[in-house]
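In what follows, a single structure is set out as structure tokens and then discussed.
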Amino acid sequence: MMGLAARQLGIPWVVQTAAPTDPAVAVAQEVIWGSVTDVAATAQLLERCPVVTFENEFIPLSELLPLDPEGSRFRPSLNTLKPLLDKGEQRKFLAHLGLPVPAFQLLPDWAERADLASLDSLVDRLSRVSGGNRFPVVLKQRRHGYDGQGTQILQNTQALQQALQQQPGIPFLLEEWIPFERELAVVVARSITGEIRVYPVVETLQVEQICRRVIVPARIPEPITVKVQEIATDLMEKLEAVGVFGLELFWVPEGQPFASAMRSTKAGIWINELSPRVHNSGHYTLEACLTSQFEQHLRAITGLPLGDPSLRCAGAVMVNLLGYEHSQSDYAEKRAALARIPNATVHWYDKTPARPGRKLGHVTVCLPTAADGFQAEALATQIESLWYEQL
């Protein structure tokens, strides 16, 4: 999708990838063959391109630093990425800025000492910090978690012990569970000149920690929208970020009926994660905004003026088409049925093979008039019923 935006802007586009089946290969002017962690391939990329950007967080940061000693070739810069790629380091960074984050503990490697007594003590310490209940807790893999991988919501000490013992040698982040009413996201861009543009705040629905649907704009009070946009702007300025970032948050409204042990101060917004790249929650911008997040990212990193992120319609619904089976099918009939929905656009990524949880495409429906929450959810359910009809 970024490659297609580059073509529209007339920007030459070179891709580094290890797989000929990567969808970006079809729209690239040139390909450097190598995985994202292949530093020699990235060195070749730098020989061909004045600017290199990223589309995921699987970045060998320390190995890339010698390739860009002046810190001007990678955008966002490696210094900007340094506190963000490890979820534990990101939590510490956000907490240091005084931003609202869940209570957390870093677990370098608990596999060998994950006895029940030690874990009970660990959870007790976490609950004392949070002022909340002991369970559920959230266990996150600190590196290389993506599309829900590496994140588990656990209900007791035994489940926590099993999760740690199954993955020895992997550093984890343990967090309190925030009893949110809505999960929110916002895409924000900052250019090399410091210009910032913020997209509408959206709400997302996660199923098994993978984004299933996005409703635009979010159904939240205006002061919450303003606060989210202020946090996003402040983060981009403090990081001196260049490019498009995605910020995920939880919203807990005032008066939420907490369990008696929970702090009333949980009400408000809480940061889940900051992703230094174009974001799945922003795919709706291709049709629904005056400037897509992909075009905006390219504008930001190449020094072009940023575009207008405003909605071009009253709202939108975006649904991810996730794999639900192992298959070589292109699902042509289902895609045709989805395309017949009024104002729908189907994006198919040409990924093969399909497998459960893999993002194969997405559908965006632009809403010509403002829809209430029930209508937006009904539309998303209609799309999902067409895609997952046999389940």
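The values are calculated or read from the model by the stated rules, or taken from the named source; none is laboratory data. What you see is a predicted model; the values in this text were computed from it and never measured. Methodologically, a virtual Cβ is constructed for each residue, glycine included, from the backbone with ideal geometry; neighbour enumeration extends over all protein chains shown. With ligands, DNA and RNA removed, areas are computed over all heavy atoms of the protein, side chains included. Shrake-Rupley method; radii C 1.70, N 1.55, O 1.52, S 1.80 Å.
List the residue pairs whose Cβ atoms are under 9 Å apart, where the first residue sits in the range 228-242 and is on the phi > 0 side of the Ramachandran plot, the second is buried (at least 23 other Cβ atoms within 10 Å of the Cβ) and basic (Lys, Arg), and the two are 6 or more positions apart or on different chains.
Correct list of pairs: GLU240/ARG190.
Quick one: would you say LYS92 is among the charged types (D, E, K, R), farther than 25 Å from GLY303 by Cα and out of contact with any Pro (no Cβ under 7 Å at 6 or more places or on another chain)? So that I can check it myself, show each step before the final result.
Details: among the charged types (D, E, K, R): yes; farther than 25 Å from GLY303 by Cα: yes; out of contact with any Pro (no Cβ under 7 Å at 6 or more places or on another chain): yes.
Yes; evaluated as a whole, the condition is true for this residue.
Can you spot a residue in the range 89-108 that is within 30 Å of ALA163 (Cα to Cα), touching a residue at least 24 places away in the same chain (Cβ under 8 Å) and surrounded by fewer than 16 Cβ atoms within 10 Å (Cβ to Cβ)?
Within the range 89-108, one or more residues are within 30 Å of ALA163 (Cα to Cα), touching a residue at least 24 places away in the same chain (Cβ under 8 Å) and surrounded by fewer than 16 Cβ atoms within 10 Å (Cβ to Cβ).
Does the range 62-71 include one or more residues that are within 20 Å of LYS238 (Cα to Cα) and modelled with pLDDT under 95? Explain how you work it out, then say what you get.
As a first pass, look at the range 62-71 and keep what is within 20 Å of LYS238 (Cα to Cα): 70-71.
Okay, now just the ones that are also modelled with pLDDT under 95, so 70-71.
Within the range 62-71, one or more residues are within 20 Å of LYS238 (Cα to Cα) and modelled with pLDDT under 95.
Going through ASP68, ASP86 one at a time, which residue ends up being under 20 Å from VAL244 (Cα atoms), of a type in the set (Asp, Glu) and either in contact (Cβ under 8 Å) with a residue 12 or more places away in the chain or open to solvent by less than 30 Å² (accessible area, probe 1.4 Å) (or both)?
ASP86
Please work out which residue is farthest from ASN56 (Cα to Cα), limiting yourself to the range 153-179 and to residues that are open to solvent by 60 Å² or more (accessible area, probe 1.4 Å) and under 21 Å from the mean Cα position of the chain (by Cα). Give the derivation first.
Just the residues of the range 153-179 that are open to solvent by 60 Å² or more (accessible area, probe 1.4 Å), to begin with: 153, 155-156, 158, 162, 165-166, 168, 177.
With the extra rule that they be under 21 Å from the mean Cα position of the chain (by Cα), the set shrinks to 153, 177.
On the way: ILE153: 23, TRP177: 26 Å.
Out of the qualifying residues, it is TRP177.
Condition (residue is touching a residue at least 40 places away in the same chain (Cβ under 8 Å), over 19 Å from GLY307 (Cα atoms) and part of a helix (DSSP H, G or I)) applied to the range 208-224: is it met by at least one residue?
Yes, the conditions are met somewhere in the range 208-224.
Wholly within the range 145-206, which strands (runs of 3 or more DSSP E) include no fewer than the required count, namely at least 1 residues that are in contact (Cβ under 8 Å) with a residue 12 or more places away in the chain, in contact with a helix residue (DSSP H, G or I) (Cβ under 8 Å, 6 or more places away or on another chain) and farther than 27 Å from CYS366 by Cα? Lay out the reasoning, then the answer.
Values: elements: 151-154, 172-176, 182-190, 196-198.
It comes to 151-154, 172-176.
Give the range 11-33 a look and list any residue that's under 15 Å from VAL51 (Cβ atoms) and surrounded by fewer than 14 Cβ atoms within 10 Å (Cβ to Cβ), or say none.
PRO12, GLN29, GLU30
For the range 184-224, name all the residues that are within 30 Å of VAL129 (Cα to Cα) and in contact with a Cys (Cβ under 9 Å, 6 or more places away or on another chain).
If the condition is that a residue be within 30 Å of VAL129 (Cα to Cα) and in contact with a Cys (Cβ under 9 Å, 6 or more places away or on another chain), then ALA185, THR204, LEU205 are the ones that fit.
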